[in-house]
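Take a look at the structure below.
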Amino acid sequence: MDCRITKDRFKNMLAYDWLKIILSIVAVCLIWSLLFTMTATRITTGQDFYLVVYDGVINNSANSSQDILDKIKKSDLSYDVLNDTVMSVTSAGSYSASYMLNLRLTTYEGDVMLIPSGRNGETAADSESSSESASESDSDDDATDIESLINNGYMYSFTELLFDAKDYCTRNGFVTVNDDGTYNFNESAMENYFRNVRIKRNSSYKKMYRNEAKIAEDVPNEISRIKAVWENTLFVENAVKEAKEAGNDFLYYFTPYYVDNDKNKTYKQNDSYGIDLGKLNKGADSDIMKVWYVSDGGDSYTAEGLLLTVFDFTSKQPDLQYETISFLRYIIENYSVYGK
């Protein structure tokens, strides 16, 4: 049988089968692209750090938010945070800012957020007093955007955030607290956790750390990350304590509630859900209004009632959730007189 490829046979094949050839090439390219996408190492939720700037918060300059976030990523966030992103959330057409934010939150695009309080940032005493009559006067329609986010469980209470961060360190054996209040780090426990928990439970990490050389390279970085969680948490705790003792509680308080099947509201415990940057900034050398501010309701601007809040996505980023505390520390350290 003559199976030789001749010039005439090749021409005939192109004349009659050119469409099949093109479709075959396209199919191979699509399959290859799909396989590459499915098997590629993907960035995890925690490895992308989002600063959300909500509707009503004004940037002092076009790049002020990104400049601050870039500084924090370079000096304060851990080695495992690969990207830093500023996300501005405003209304779009007939869609409200809250609707646009909810779309983002379905894919966990948020770590910390700047948002106006809507009521100039009340104190703990104010919040406790107002919560007594809240069941009679509040409605979902009356709630500010930050209140709605808190009621829907998106925002981390500062009490729980700091407690959970310390529990993360002690529960896993990274830190031992002595009776006199001092503490010791256990670097062996940190390395063991990295090798046998973090890497093994995440498919992306399994691909990233396929050999011992790469694992050994990042063990010191992981130890530094965990130590920073503990030390940053202590810093923020002490700064809050200092401010309260000085009569300048800069935290924002709210009493969240949930609605049962009969549409009755059950109120939870009053707690802190953010930092009022205007109160934090009192007496500091660096002016927060050089970075962000809000309208005071008239023709002037203020930092009072400008809240720095934290999203609670611990279930999706059980280790890197506490990178948010690094952000809090940077802001407190650079825009207040506390924790020095």
Inset, instruction - State whether one or more residues within region 231-250 are under 21 Å from the mean Cα position of the chain (by Cα) and at pLDDT below 95. - result: no
Inset, instruction - For region 227-265, name all the residues that are among the polar types (S, T, N, Q) and either over 30 Å from residue 194 (Cβ atoms) or assigned to a loop (DSSP other than H, G, I, E, B) (or both). - result: 248, 255, 261, 264
Legend entry - Of all residues in region 266-314 being hydroxyl-bearing (Ser, Thr, Tyr), modelled with pLDDT under 95 and assigned to a loop (DSSP other than H, G, I, E, B), the one that is farthest from residue 234 (Cα to Cα): 300
Legend entry - In region 279-337, the residues that are under 23 Å from the mean Cα position of the chain (by Cα) and aromatic (Phe, Trp, Tyr): 292, 293, 311, 313, 322, 327, 330, 335
Inset, instruction - Considering each of 200, 166 in turn, give the residue that is at pLDDT 95 or above and among the basic types (Lys, Arg). - result: 166
Inset, instruction - Could you please let me know if residue 271 is touching a Gly at 6+ places or on another chain (Cβ under 6 Å), in contact (Cβ under 8 Å) with a residue 12 or more places away in the chain and not hydroxyl-bearing (Ser, Thr, Tyr)? - result: no
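Quick check on region 161-199: of everything there that is part of a helix (DSSP H, G or I), of a type outside the set (A, V, I, L, M, F, W, C) and touching a residue at least 12 places away in the same chain (Cβ under 8 Å), which residue is farthest from residue 239 (Cα to Cα)? It would help to see each step written out before you state the result.
Quick first cut of region 161-199, residues part of a helix (DSSP H, G or I) only: 161-171, 187-199.
With of a type outside the set (A, V, I, L, M, F, W, C) added as a condition, the list becomes 164, 166-168, 170-171, 187-188, 191-193, 195-196, 198.
If we keep only those that are touching a residue at least 12 places away in the same chain (Cβ under 8 Å) too, we end up with 164, 166, 168, 187, 191, 193, 195, 198.
Values: 164: 18, 166: 16, 168: 21, 187: 27, 191: 30, 193: 30, 195: 34, 198: 31 Å.
By that ranking, first place goes to 195.
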Legend entry - Scan of region 59-87 for residues that are surrounded by 14 or more Cβ atoms within 10 Å (Cβ to Cβ) and either of a type in the set (Gly, Ala, Ser) or assigned to a loop (DSSP other than H, G, I, E, B) (or both), ordered by number: 60, 64, 65, 76, 77, 78, 80, 81
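The values are calculated or read from the model by the stated rules, or taken from the named source; none is laboratory data. Being a predicted model, the structure only gives us computed values, none of them experimental. Note: ideal-geometry Cβ built from the backbone for every residue, glycine included; neighbour counts use all protein chains shown.
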